[in-house]
1. Per 10 Å bin from zero, what fraction in whole % of the C-alpha pairs of segment 5-47 is there, up to the bin with the longest pair?
2. Hey, could you get me the Stokes-Einstein D for segment 117-193, Kirkwood radius over alpha-carbon pairs, 25 °C and 0.890 mPa s, rounded to whole µm² s⁻¹?
3. Compute a Gaussian network model of the chain, connecting alpha carbons closer than 10 Å, and tell me which residue from 97, 72, 265 fluctuates the most.
4. Could you let me know the centre-to-centre spacing of segment 90-131 and segment 146-194, using Cα atoms, in angstrom?
5. For the chain, modelled as a GNM with alpha-carbon contacts under 10 angstrom, which of 114, 184, 130 fluctuates the most?
6. Long-range amide H contacts for residue 79: which residues qualify at under 5 Å (H placed 1.01 Å from N, peptide plane, sequence gap of 5 or more or a different chain)?
7. Regarding segment 134-290, what's the average projected area of the Cα-atom convex hull, expressed in nm²?
8. When a/c is below 1.5 the answer is rounded, else prolate if a/b is larger than b/c, else oblate, so apply that to segment 1-140 with a ≥ b ≥ c taken from the square roots of the Cα gyration tensor eigenvalues.
Amino acid sequence: SVLVAGSANLDFVVRAAHVPEPGETVLGRDFDTFPGGKGANQAVACARAGGAATSMLVALGDDAFAAPLEASLRDAGVTLDIVRAGQPTGVAFVCLSDSAENAITVAPGANGALRPEHLPSLTGVTHLLLQLETPLPSVEAWARAARAADVAVVLNAAPAQTLPKSLLAHCDLLIVNEGELTALTGIEGDIAAALDALDVPRVVVTLGARGCCARMDGQQLLQPAFTIAALDTTGAGDTFCGTLVAALSRGLPFAAALRRASAASALACTQLGAQTGVPTYDEVERLLAE
Ligand code: ADP
């Protein structure tokens, strides 16, 4: 099974003609709330990908924003281990422009309360999936505990930042986008060199509409993107991560898992909302069969 330890946020999304400049007020149009947070998005994607039992360690507040987050995870079939943090549920304020630019402010709230000792039992867990929206010392302690228990550690190193070697040393698979790869390595414009610079057995870099590129041991793999009409790319990376880990947990070869993750993340771009846009297993099968 897969255990995700990570963040959950309620996304407050307003669509507007453009993203406001500092000091500017923009009159937006429709407003909606969506369950989000990288950890929760990836848990939903992993569960919906089918085949892998998925559980999540998540911290929520005692407020009205917790309920929709909990419901979305449970509806997708994720088993929850909830820490009640005594802090507000995490929220994100998202302005989404007509040219698909966004500006996002996150108040992590309860997510900041996740501690090393909150990690549940790893019995039966094959893969631990982590991101960087929870405190770094906790992420590192969880990775260390998983490694010690022979659980594969997958880190989506997002949002972009530099990381201590001590954390990377416990990772079996790293998933990053181009900006995150540059932040981690300091190498810009040479993806192969940047992939080689990371001392992790397997690294995947996602390249948006250009697909993804991976290095496993000394070998490079390329997976082109599936062609779709993109409406909202929020959560594409999260769908990619959750789907990839679900496939690996089921025992799929790495190249086949990459292809499946690409198909699911392409479909996620055709729907609004990070979790609501995650396709089902059947939808992914249909695109893979085309
Ligand atoms: P992030 O959202 O983390 O920045 P990317 O933009 O690289 O991540 O997208 C992750 C994956 O989602 C890509 O590797 C690709 O498979 C898929 N994807 C993203 N944008 C598109 C697109 N416009 N068309 C098809 N697939 C896409």
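Just so you know, all these numbers are worked out from the coordinates, no wet-lab data involved. Quick caveat: nothing in here was measured; it's all calculated off a predicted structure. Cβ sites come from the backbone with ideal geometry, for glycine too, and all protein chains shown count toward neighbours.
1. Histogram of Cα-Cα distances, whole percents per bin: 25, 34, 29, 11, 0.
2. Values: Rh = 13.0 Å.
Answer from the Stokes-Einstein relation: 189 µm²/s.
3. 97
4. 17
5. Evaluated over the chain, the most mobile residue of the options is 184.
6. 54, 55, 56
7. Numbers: hull surface 37.0 nm².
Approximately 9.3 nm², given one-decimal rounding.
8. It comes out prolate by the Cα gyration axes.
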